[in-house]
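I have placed the structure first, in the form of structure tokens, so that the comments after it can refer back to it.
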Amino acid sequence: MPKIVDAEARRQEVVQAVFRIIASDGLERASLREVADEAGLAVGSVRHYFSSSDELLVFSFGAVIDRIADRLEAAMSAVEAKSPGSPEQQAAVLNLLGQVLPLDEELAVDACVWMAFRHAARIKPVLAAEAARSHRTVAAVVGRLIMLLSPGEADAHQTLVTEAERLLATMDGLCMHALLQPEWMTAEMCSDVLTAHLRSLGAVPTVR
């Protein structure tokens, strides 16, 4: 009796192969043939689930966005459950912001893949829609966080937008620095920079 293949599970196997290739050799190597070899499959098997390299890349970009989004939502729920201004909430905020940083092996792979796709979207129109969704997804969580940490400015729309963009830029910069200079931009250094940024928002008490 022929073995029944779980289509969704097989797609995820292929996506994981894409992630490994991008993390080790860059997005340019993620062709159908290279991905099939990495996944231990025939090219025809990969084509059964993805008709082209573009379709595979778009699906994989969406997959990493969904992984990051799920982690951000779970971490945001933890922030909202803590007492405002408490040390527990401060720790939860740092954990939330760390979900897009390469602070461990799993996060590093996702961060590398996520950044690679976002950069590629600049010259690959097929990735543009997912790139826009990526920005909206992270920006929405950051916006909620800013409103939670600065409730007195809830009506100052421009201030909220500016602070959200400032935090997003800090997160992106830390992510890039940590990927390119991991010996210097360690998890501890990332935490120190994020703490300093939160302190500038009044979200963390100034140490005297």
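The values are calculated or read from the model by the stated rules, or taken from the named source; none is laboratory data. From a predicted model like this one, the values you see are computed outputs, not experimental measurements. We place every Cβ from the backbone using ideal geometry, glycine too, and count neighbours over all the protein chains shown.
Yes or no: Ala111 free of Cβ contacts under 8 Å to residues at least 40 places away in the same chain and either under 25 Å from Ala196 (Cα atoms) or surrounded by fewer than 20 Cβ atoms within 10 Å (Cβ to Cβ) (or both)? Full working, then the answer.
Details: free of Cβ contacts under 8 Å to residues at least 40 places away in the same chain: no; either under 25 Å from Ala196 (Cα atoms) or surrounded by fewer than 20 Cβ atoms within 10 Å (Cβ to Cβ) (or both): yes.
Judged against the criteria, Ala111 is not a match.
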*Please tell me if Ser83 is of a type in the set (Ser, Thr, Tyr) and free of Cβ contacts under 8 Å to residues at least 12 places away in the same chain.*
yes
_Restricting to region 136-150, name every residue that is crowded, with 16+ Cβ neighbours inside 10 Å and without any contact (Cβ under 8 Å) to a residue 60 or more places away in the chain._
Val142, Gly143, Ile146, Leu149, Ser150
_If a residue must be without any contact (Cβ under 8 Å) to a residue 24 or more places away in the chain and part of a helix (DSSP H, G or I), how many such residues does region 173-186 contain?_
3
_Can you list residue pairs whose Cβ atoms sit under 6 Å apart, with the first residue in region 5-21 being closer than 19 Å to Val109 by Cβ and the second being surrounded by fewer than 17 Cβ atoms within 10 Å (Cβ to Cβ) and at pLDDT below 95? Count only pairs 6 or more apart in sequence or on different chains._
Ile21/Arg29
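Tell me, yes or no, whether region 83-92 has at least one residue that is in the same structural domain as Leu180 (by TED's automatic domain parsing) and within 18 Å of the chain's Cα centre (by Cα).
Taking region 83-92 and keeping what is in the same structural domain as Leu180 (by TED's automatic domain parsing), we get 83-92.
From what is left, the residues that are within 18 Å of the chain's Cα centre (by Cα) are 92.
Yes, there is a match, as at least one residue in region 83-92 is in the same structural domain as Leu180 (by TED's automatic domain parsing) and within 18 Å of the chain's Cα centre (by Cα).
Let's see how each residue does on (1) of a type outside the set (S, T, N, Q); (2) crowded, with 21+ Cβ neighbours inside 10 Å; (3) touching a residue at least 60 places away in the same chain (Cβ under 8 Å):
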position: Leu96; (1), (2), (3): yes, yes, no
position: Leu101; (1), (2), (3): yes, yes, yes
position: Ala120; (1), (2), (3): yes, no, yes
position: Val126; (1), (2), (3): yes, no, yes
position: Ser134; (1), (2), (3): no, yes, yes
*asked:* Here is a list: Ala78, Ala7, Ala39. Which entry is within 26 Å of Val141 (Cα to Cα) and either at pLDDT 95 or above or over 17 Å from the mean Cα position of the chain (by Cα) (or both)?
replied: Ala78
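Look at region 32-44 and say how many of its residues are surrounded by 15 or more Cβ atoms within 10 Å (Cβ to Cβ) and out of contact with any Lys or Arg (no Cβ under 7 Å at 6 or more places or on another chain). Break it down into steps so the answer makes sense when it comes.
Restricting attention to region 32-44, the residues satisfying the condition of being surrounded by 15 or more Cβ atoms within 10 Å (Cβ to Cβ) are 32, 34-39, 41.
Keeping just the survivors that are out of contact with any Lys or Arg (no Cβ under 7 Å at 6 or more places or on another chain) gives 34-37, 39, 41.
Summing the residues that are surrounded by 15 or more Cβ atoms within 10 Å (Cβ to Cβ) and out of contact with any Lys or Arg (no Cβ under 7 Å at 6 or more places or on another chain) in region 32-44 gives 6.
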*asked:* Return the residues of region 114-155 that are among the charged types (D, E, K, R), more than 23 Å from His197 (Cβ to Cβ) and part of a helix (DSSP H, G or I); say none if nothing qualifies.
replied: Glu130, Arg133
